[in-house]
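One structure below.
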Amino acid sequence: MPPYPLEDYNEIARQYEEDILSGRIVAGRLLRLAIERQRDDLEHGHERGLYFDHDAGQKILDFADCVNIGPDQPFHLFPFQVWELYVFYGWKREDGRRRFRRKYKSCARGNGKTPLESLQIHYHLTVEGLQNAEAYVSATKEKQAKIAFDDAVLMLDNSPDLQEYLDQSAEQIFNRSLNAKFSFLTSSPKTADGTRPSFAVIDEYHEFENDGMVNKLSSGLIKKKEPIMSIVTTRGSHQEWPCFQKELKVYIPILERSVENDSFFVVIYSQDSEEELQQPETWQKSNPMLCEGGILDLETLIEERDAKILEGEEGKVSFLTLNLNWWCDAPQVFIPNDIWIKGNGTIDIESLYERECWAGLDMGQTNDFCALSLFFPPADWSQYDEDLTDEQKEKLVYLRTPTRVPGEFTFLWWFWIPRLRYNKRVADGLHSLRDWERNKLIYVQEGNVIDPREIDAKLLELAGTFNIRMMTYDRYNANATALTMQEKGGVPVLEFPQTMPMYAEPTRSFRDIVLQERIRHGGNPIAEWMMRNSRPITDTNGNIKITKDPKRSPDKVDGIVAAIMAQAGWMYDRNVVSSNVYDQRGFLEW
């Protein structure tokens with residue numbers, strides 16, 4: 001099937017997309033990415049066996065015209081809601097079934113998230129005509145879960161067309177002819193015992209401390225032909241809980257197209273920086289109901305902000321999370337993805353064979369990712385070496401810095417992972433691993449742990465191909481490999497202490513040349529994923545390094561750490577052959 005023609009597209013949805021892309025409507029980066037994803041899918045989705053069905057998308061919009069939310073008060077859909085429903089229901093798979101099985105929607109409170117879910121549940125129980133359909137909404141508190149149910153009851157009480165098909169009790173709405181029903185649950189997985197959901201809503205996901213209920217409902221959904229798992233939420237402050245982690249690892253990467261998953265619909269209305277707290281003209285980014293005729297009032301929001309600020313830090317955090325949909329206390333991103341990807345592009349590997357380079361090896365845990373990086377400074381880098389005295393060389397940790405050398409710096413990577421961990425990560429949602437393996441970007445070793453002999457063999461192969469001047473390494477699990485590289489490969493090695501003082505200058509320099517757009521990395525998707533996971537930490541002296549602490553970093557960062565170590569080897573290189581930096585000059589006092 002050819003690309004979908006926009007002239008057949010719903011006019012309100014099309015105009016909304018145009019207004020977002022042109023800037024006529026104020027939109028955050030993540031919403032623009034969602035629109036761009038849709039436009040790209042309209043052009044290329046058919047290449048993946050997907051097609052857009054205008055009639056299917058229009059059908060739920062027509063259904064909404066039959067629903068009232070009060071006496072003689074129709075359910076009015078605003079353009080952003082028209083777009084969401086039209087896109088979500090319009091996409092089909094090759095076999096005619098719905099494309100999107102899962103939805104993640106995040107926006108500030110008061111923007112109509114919950115009533116829109118109630119509308120879709122009514123559609124599910126009636127128009128979709130599914131026999132034995134079961135719809136549930138779950139929240140951490142019964143009161144919150146009951147909001148969607150109460151909205152659905154309100155619609156039923158005021159919509160004669162719905163009353164022809166649906167009845168209600170105190171805790172259930174049901175369609176007798178289809179044996180279909182809708183009820184509410186708390187966050188306890190036990191309340192879902194015996195359920196066989198076909199439509200499940202997780203309301204205010206940011207309040208869920210774990211995924212027990214999500215997993216319980218998901219296990220029931222897989223038994224249905226066309227299930228829907230809908231997660232709707234405002235952001236919060238618990239970055240260690242599933243909502244933040246999933247948004248960072250799955251939902252945002254889907255929008256950025258670094259993770260491909262055609263079954264997820266993702267839309268995130270959010271501010272682009274905390275500083276926008278002082279820029280009310282930008283607040284429509286997180287509050288789509290600030291649109292023309294919308295139910296929110298900007299002046300009221302400004303008054304709320306001013307009142308919350310008077311309450312101190314707690315009030316400010318409350319306004320940022322609830323009213324501007326901003327993750328508070330979220331860790332600082334090391335390098336923004338839109339800057340990192342500017343280093344994409346093809347690298348002529350053969351042109352690097354004679355170039356001097358430095359290696360960095362991070363073996364990490366033997367049951368997970370291991371990473372090797374090669375760092376190539378500009379070919380004429382030595383012309384810019386400073387003429388240092390012996391005394392200066394003795395005192396300085398690093399003799400050179402990349403910011404003083406003009407030109408581009410190039411990084412290459414190699415990765416390993418054991419099969420057991422590979423399977424676990426794929427099962428946990430890192431489906432890109434399959435693509436990385438298929439494209440030979442990662443070596444998947446059979447067994448439960450990394451076999452260092454395979455890494456040794458690759459290192460010796462690379463030592464015979466590239467002009468490796470030195471290899472820096474984290475001694476954790478890597479001492480034997482370093483010895484092999486030194487004795488059999490003839491490459492000097494340097495044990496790199498994993499301390500803040502040793503990492504500070506290389507990390508800062510690495511960040512600076514990336515921000516200056518002076519690196520080439522060939523768009524390695526594993527390195528890009530690890531860069532998104534990278535979180536800087538600082539000490540009281542302003543030193544900086546990338547944290548490996550799983551409580552502070554979303555996921556693995558080994559490739560970025562290996563790259564920084566490789567660059568640090570060049571910065572440190574004194575043309576020495578040594579297994580330990582301290583063998584040369586003793587310990588520095590910090």
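Helix 212-221 and the longest principal axis of the C-alpha atoms of the chain enclose an angle of approximately 60°. Applying a threshold of 19 Å to the alpha-carbon distances of LYS141/LYS316; LYS105/LYS285; LYS223/LYS249 flags LYS141/LYS316; LYS223/LYS249 as lying beyond it. Among the listed pairs LYS224/LYS556; LYS143/LYS190; LYS59/LYS225; LYS488/LYS545; LYS224/LYS424; LYS146/LYS556, a Cα-Cα separation exceeding 27 Å is found for LYS224/LYS556; LYS488/LYS545; LYS146/LYS556.
Each label point was placed 7 Å from the Cα along the Cα-to-Cβ direction; for GLU281 and HIS44 their separation is 3.5 nm. Taking the 1.4 Å solvent-accessible surface of region 99-324 as the whole, the part contributed by carbon and sulfur is 48%. The alpha-carbon atoms of the chain define a convex hull whose volume equals 177 cubic angstrom per residue. Applied to region 258-268, the Karplus parametrisation 6.51 cos²θ - 1.76 cosθ + 1.60 on θ = phi - 60° returns per-residue 3J(HN,Hα) values of 8, 10, 9, 8, 6, 8, 9, 9, 10, 9, 10 Hz, with x for Gly and Pro.
Fraction of C-alpha pairs exceeding 23 angstrom in region 337-572: 47 percent, rounded to a whole number. To test your reading of the geometry: what angle, between 0 and 90 degrees and rounded to tens, separates the Cα axis of helix 298-310 from the longest principal axis of the chain? For helix 298-310, the angle is close to 50 degrees. Placing R0 at 41 angstrom, the Cβ-Cβ distance between ASP62 and LYS342 gives a FRET efficiency of 0.40 after rounding to 0.05. So the label point goes 7 Å from the Cα of LYS225 along Cα→C-beta, right? Which residues of region 120-137 then have their backbone N under 16 Å from it? Hits in region 120-137 for LYS225 at 16 Å: 124-134. Accessible surface calculations at 1.4 Å, restricted to protein heavy atoms, place region 99-324 at 41 Å² per residue. The HN-Hα couplings worked out from phi for region 20-26 by the Karplus form 6.51 cos²θ - 1.76 cosθ + 1.60 (θ = phi - 60°) are 5, 5, 8, x, 5, 9, 5 Hz, whole numbers, x standing for Gly and Pro. Each of LEU515, LEU125, LEU298 has its accessible area taken with a 1.4 Å probe; listed largest first, they run LEU515, LEU298, LEU125.
Under 5 Å from the amide H of MET470 lie the amide H atoms of ALA359, each residue being 5 or more positions distant or on a separate chain, with H modelled from the backbone and absent for Pro and chain starts.
To the nearest ten degrees, helix 54-64 and the longest principal axis of the Cα atoms of the chain are 50 degrees apart. Of ARG425, ARG419, ARG453, the residue with the largest accessible area leads and the full order is ARG453, ARG419, ARG425 (1.4 Å probe).
Could you report region 337-572's accessible area per residue, 1.4 Å probe, as an integer in Å²? Value for region 337-572: 43 Å² per residue.
The values are calculated or read from the model by the stated rules, or taken from the named source; none is laboratory data. These numbers come from a predicted model, not from an experiment. So basically every Cβ, Gly included, is an ideal-geometry build from the backbone, and we count neighbours across all protein chains shown. Please note that ligands, DNA and RNA were not included when accessible areas were found on the heavy atoms of the full protein model with its side chains. Shrake-Rupley method; radii C 1.70, N 1.55, O 1.52, S 1.80 Å.
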